[in-house]
Amino acid sequence: MNDSHKIFVTRPFLPPLSEFTQYLEKIWDNKWLTNQGPYHQELETELCEYLGVEYLSLFANGTIALVTALQALKISGEVITTPYSFVATAHSLFWNNITPVFVDIDPETCNIDSNKIETAITPKTTAIMPVHCYGTPCDVGSIQHIADTYGLKVIYDAAHAFGVQINSKSLLEYGDLSVLSFHATKVFNTFEGGAIICPDLETKMRIDYLKNFGFAGETKVVALGINGKMNEIQAAFGLLHLKYIDEVIKKRSEIDTLYRKLLADTPGINCFSVGVSNTSNNYSYFPIFVNQKEYGKSRDELYNKLKENNIFGRRYFYPLISHFPIYSGLESSISSNLTVAEKIAKEVICLPIYPDLTNSDVNKISSILCE
Ligand code: T4K
């Protein structure tokens with residue numbers, strides 16, 4: 001399939017192939033392919049350093065990391081979360097026999113509205129699982145305050161939040177655990193991959209056991225673990241990618257700036273912008289919201305028009321998780337409970353943003369939007 005004329009919402013960053021062969025040769029030499037191999041250990045160390053966190057456990061993907069994070073903290077009953085996310089957020093709860101309780105989002109940040117969390121707490125609530133949507137920090141202070149008041153755990157789905165800092169501290173250090181995704185579509189990728197960020201060595205050891213079938217030594221199984229291990233090829237790619245990450249984020253920031261300049265005067269096209277001065281951005285997505293009345297076209301008309309021009313934006317996040325049949329019967333899925341999320345899900349399109357996107361691509365996309 002030749003996709004060269006198509007512009008996708010994202011394209012993975014790939015360093016020069018010749019540089020990766022050196023890593024492959026080393027794997028071929030030492031024949032260590034998985035199970036906490038040397039590249040795995042090196043990537044854990046380097047990521048801790050880059051992200052400014054103390055302990056991190058690598059995973060085969062972000063979803064299995066979310067499932068394991070819930071296991072590690074023995075979460076059960078009900079967990080308060082957002083409907084405005086990728087479906088893996090809620091799936092990780094259902095895989096643990098936990099009932100997701102959806103709370104509406106804040107119209108400015110697209111994150112769970114911390115003012116609405118308390119009314120959703122019941123005697124069965126054990127935790128809150130917010131998402132730093134598009135890498136924008138949740139209201140971490142208020143969420144922690146609520147968690148402390150009611151004795152709840154906080155697990156952040158930080159799939160979009162690679163490298164984001166708040167008040168010069170890693171966003172990933174908030175809550176009890178944070179989970180990253182290193183999927184091919186993410187700012188930092190290992191083809192598939194993910195990680196749990198945890199506060200102490202004891203928790204990391206428990207998570208490490210859980211991702212390796214529960215083994216604590218050759219003959220001892222201490223927990224109902226799963227196979228969530230990242231392999232050496234993924235880890236090696238991560239180490240190479242990390243060498244380019246600042247360049248990658250800089251390129252994304254330039255694209256973000258150009259879009260904002262070109263779209264500034266288009267009535268009915270509102271670029272997502274939170275404007276929190278104490279937060280760094282990783283430019284993982286470029287969402288716009290289409291106001292049909294002002295723009296004169298619906299979001300879906302624009303989405304299809306872009307498609308006709310070989311521009312494949314994505315409606316992240318539409319439909320809401322609460323609309324999928326698995327979840328639509330839950331009491332908290334009722335539309336009147338989620339009015340902000342319902343509105344935003346109908347207006348959003350994420351425009352293409354990735355390091356190889358050229359200025360002329362951005363100009364082309366913007367001119368179609370402005371026509
Ligand atoms: N929590 C949140 C908040 C998440 O956003 C995600 C994942 C997770 C948890 C779970 O983490 P992981 O288990 O995935 O590590 C994509 C990704 O598959 C998914 O990882 C991501 N969120 C979600 C937001 O987006 P799709 O179904 O939109 O992906 P797909 O395959 O349509 O790819 C989008 C575009 O990217 C393609 O049109 C072209 C481009 N692409 C994609 C792939 C896979 C490439 O150019 N090369 C590629 O290899 O879900």
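The values are calculated or read from the model by the stated rules, or taken from the named source; none is laboratory data. Just so it is clear, the model here is predicted, and its values are computed rather than measured. Using ideal geometry, Cβ is built from the backbone for each residue, glycine included, and neighbour counts are taken over all protein chains shown. The accessibility values were calculated without ligands, DNA or RNA, using every heavy atom of the protein model including side chains. Shrake-Rupley method; radii C 1.70, N 1.55, O 1.52, S 1.80 Å.
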Segments 341-347, 240-246 sorted - mean Cβ within 10 Å per residue, highest first: 341-347, 240-246
Carbon and sulfur %, accessible surface of the chain computed with the full protein complex present, 1.4 Å: 52 percent
Top positive-direction residue, dipole computed over the chain with Cβ charges, set TYR134, ASN310, LEU152: ASN310
Dipole moment magnitude, nearest 20 debye, the chain about Cα centre, only Lys, Arg, Asp, Glu C-beta charged: 640 debye
Spin-label model distance (nm) - PHE213 vs GLU49, 7 Å beyond Cα toward Cβ: 3.3 nm
Extension gain, GLU118 back to VAL340 (0.36 nm per residue minus Cα-Cα distance, nm): 78.2 nm
Å² per residue, accessible surface of region 1-159 at 1.4 Å: 45 Å²
Size descriptor, Kirkwood hydrodynamic radius, that averages inverse alpha-carbon separations across region 111-162, Å: 11.3 Å
The chain, relative contact order in percent, only Cα pairs under 8 angstrom and at least six apart counted: 23 percent
Computed [θ] at 222 nm, helices only, for the chain once each DSSP H run of length n ≥ 4 contributes -39500 (n - 2.57): -11500 deg cm²/dmol
Residues in region 89-122 that a label on GLU331 would reach, taking backbone N under 15 Å of a point 7 Å out along Cα→Cβ: 99-103, 118-122
Top positive-direction residue, dipole computed over the chain with Cβ charges, set PRO100, CYS198, GLY238: PRO100
Label-point separation, ASN35 to VAL274 (7 Å along Cα→Cβ), nm: 4.1 nm
Subset of LYS261/LYS307; LYS116/LYS297; LYS211/LYS250 violating a 25 Å alpha-carbon distance limit: LYS116/LYS297; LYS211/LYS250
Reachable aspartates and glutamates, given that their alpha-carbon falls under 18 Å from the alpha-carbon of LYS74 and they are not under 8 places away in the same chain: ASP148, ASP157, ASP176, ASP200, GLU202, ASP208
